[in-house]
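The values are calculated or read from the model by the stated rules, or taken from the named source; none is laboratory data. This is a predicted model, so every value here is computed, not measured. Backbone-built Cβ (ideal geometry, glycine too); neighbour counts: all protein chains shown. Note: areas computed on protein heavy atoms with side chains; ligands, DNA, RNA excluded. Shrake-Rupley method; radii C 1.70, N 1.55, O 1.52, S 1.80 Å.
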Amino acid sequence: MESSLAPLDCLLPAGNLKFCLLILNQPINKGHFHCLWSKAALRACADGGANRLYHVTEGSQESFLPDYISGDFDSIQPEVKEYYKVKGCELIETMDQDLTDFTKCLQVLQKKIEKKGLQIDVIVTLGGLGGRFDQIMASVETLFHATKITPLPVIVIEECSLIYLLQPGKHKLHVDTGLEGSWCGLIPIGNPCESVTTTGLKWNLTNQMLKFGTLVSTSNTYDNSGIVTIETDKPLLWTMSIKI
């Protein structure tokens with residue numbers, strides 16, 4: 001079965017995707033934030049993500065209260081934690097040190113989606129691709145955990161970049177929102193991909209191996225058809241630029 005997704009539809013004011021928003025502890029692009037917040041069915045912060053929310057909404061915090069904040073609370077500022085507690089936001093302590101706050105927040109989010117019976121197309125994560133390289137890699141690793149946590153696609157957006165882990169099989173990506181930047185790529189992270197076939201790219205692949213030390217498809221771009229198809233035999237990281 002072919003999966004189909006317009007990754008940047010969530011950033012369109014009139015977009016059709018139904019999504020939940022998860023905020024990580026990274027600088028927030030105000031343009032992305034306001035569009036995503038206004039349309040999200042559920043809004044969550046992973047630990048220090050609450051600090052980012054608090055500061056980006058300075059002067060109007062009361063209009064931007066998350067449904068919950070989860071984590072081991074080693075990053076959230078005491079005054080921020082107290083503010084959201086007083087405002088009635090749910091604080092969920094998740095102490096497992098073997099998992100990142102992002103992963104644990106995703107676990108909570110999936111349970112809430114199920115409990116509320118929400119019809120959701122995708123989980124959008126804001127942050128996670130800037131700052132420390134080890135934390136960027138932790139965000140990527142969470143996408144591997146996500147396949148065992150939720151049946152929903154999980155995308156990560158920060159500033160001008162998006163990542164989305166494609167599962168083995170066929171995928172159709174709609175790249176005609178007008179928000180797509182010039183570059184895109186396919187990264188075989190976590191494992192080599194023995195056979196990858198694409199259409200819709202300037203430099204397409206035909207049953208080719210993607211593997212570090214052999215070939216990685218970076219700095220690719222589109223053929224202007226508006227649709228990219230990808231067939232892969234192993235998990236494969238799709239990345240694309242966002243106009244800002």
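How big is D for the stretch 1-42, in µm² s⁻¹ as a whole number, if Stokes-Einstein is applied with the Kirkwood radius of its Cα pairs at 4 °C and 1.567 mPa s?
Values: Rh = 11.4 Å.
Calculated translational D: 114 µm²/s.
If eta is 0.692 mPa s and T is 37 °C, what Stokes-Einstein diffusion coefficient results for the stretch 70-182, Kirkwood Rh from Cα pairs, in µm²/s?
Details: Rh = 16.0 Å.
Answer from the Stokes-Einstein relation: 205 µm²/s.
Counting pairs of Cα atoms in the stretch 156-195, how many percent are more than 14 Å apart? Cα-Cα pairs in the stretch 156-195 separated by more than 14 Å: 59 percent.
Only Lys, Arg, Asp and Glu count, each charged at its Cβ (+1, +1, -1, -1), so figure out the dipole size of the chain about its Cα centre, rounded to 20 debye. Could the numbers behind the result be given before it?
Working: 21 positive and 27 negative charges, 90 e Å.
It works out to roughly 440 debye.
Expressed in Å, the radius of gyration and Dmax of the Cα atoms of the stretch 120-244 are 13.8, 38. Size check on the stretch 89-141: the Cα extents along the three principal axes, sorted descending, read 36, 26, 21 Å.
Here is the list for the stretch 1-68: GluC sites (Glu not before Pro) lying in DSSP coil, each with at most 12 other C-beta atoms within 10 angstrom of its C-beta, are GLU2, GLU58.
For the chain, the longest principal axis of the C-alpha atoms and the axis of helix 30-39 are separated by about 80°. Descending by average beta-carbon neighbour count within 10 Å, the peptides 118-126, 81-89, 193-201 line up as 118-126, 193-201, 81-89, the highest first. Note on the stretch 183-222 and the stretch 44-89: Cα centroid distance 39 Å, given to the nearest whole angstrom. Taking only the Cα atoms of the chain, the radius of gyration and Dmax are 17.9, 57 Å.
With protein chains left intact and a 1.4 Å probe, residues in the stretch 82-194 average 47 Å² of accessible area per residue. Ignoring ligands, DNA and RNA, please state the percent of accessible area on the chain from carbon and sulfur, probe 1.4 Å. For the chain, the apolar C and S fraction of the accessible surface comes to 51 percent. Expressed in units of 2.2 N^0.38 Å, where N is the residue count, the Cα radius of gyration of the stretch 26-127 is 1.02.
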